[in-house]
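The values are calculated or read from the model by the stated rules, or taken from the named source; none is laboratory data. A quick note: this is a predicted structure, and the numbers were derived from the prediction, not measured. A quick note on method: Cβ atoms are made from the backbone with ideal geometry, for glycine too, and the neighbour counts reach across all protein chains shown. SASA here: full protein model, heavy atoms, side chains in, ligands and nucleic acids out. Shrake-Rupley method; radii C 1.70, N 1.55, O 1.52, S 1.80 Å.
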Amino acid sequence: MTLSEYQQKAMTTCTRSSRNFTYMMLNLVGELGELASKVAKAIRKEKVQVTQNNLILNSENSLSSDEIRDLKSEVGDCLWQLSGLCSVMGWSLEE
């Protein structure tokens with residue numbers, strides 16, 4: 001699936017009241033905050049380390065499959081919101 005195809009499909013689930021810059025921008029920031037919070041918790045629990053370029057799982061105390069699923073879900077939410085923001089701006093993700 002291309003980014004444009006994803007964007008088009010994602011926006012079929014968008015409600016009329018959320019098709020605006022303010023909603024998309026504010027909710028994108030919120031979703032990024034949720035992702036950052038989950039990463040921060042994993043750092044605090046010493047399950048991951050952040051280096052200059054990578055998020056490294058600690059082998060002896062690594063993330064559970066549920067925690068990894070939750071992180072992936074948050075990234076998906078961020079992508080949906082970014083798609084929405086681009087859509088209301090008249091841009092494609094591929095641009």
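Here are a few things to note about the model shown:
- Residue-count net charge about ALA10 - beta-carbon cut-off 14 Å; Lys, Arg +1, Asp, Glu -1: -2
- Once C-alpha pairs closer than 8 Å and six or more residues apart are averaged by separation and normalised to the residue number of the chain, the relative contact order reads 46 percent.
- Accessible area per residue, Å², the chain with all protein chains present, probe 1.4 Å: 70 Å²
- Computed from Cα atoms, the angle from the helix 21-44 axis to the main principal axis of the chain rounds to 10 degrees.
- Of the GluC sites (Glu not before Pro) found in the range 16-50, those in coil by DSSP whose Cβ has at most 16 other Cβ atoms within 10 Å are GLU46.
- Each other residue within a Cβ distance under 11 Å of GLY76 adds +1 if Lys or Arg and -1 if Asp or Glu, for a net charge of -2.
- For the range 31-79, the list of trypsin sites (Lys or Arg not before Pro) that fall in a loop by DSSP and count at most 13 other C-beta atoms within 10 angstrom reads LYS45.
- Just the protein heavy atoms count here, and of the accessible area of the chain at 1.4 Å, carbon and sulfur take up 54 percent.
- When the listed pairs LYS9/LYS72; LYS9/LYS45; LYS9/LYS41 are checked against a 30 Å cut-off, the alpha-carbon distance exceeds it for LYS9/LYS45; LYS9/LYS41.
- Built amide H within the under 5 Å cut-off of VAL48, gap 5+: ILE43, ASN58
- Table column - 3J(HN,Hα) (Hz), the range 88-94, Karplus curve with 6.51, -1.76, 1.60, x for Gly and Pro: 6, 8, x, 10, 9, 4, 5
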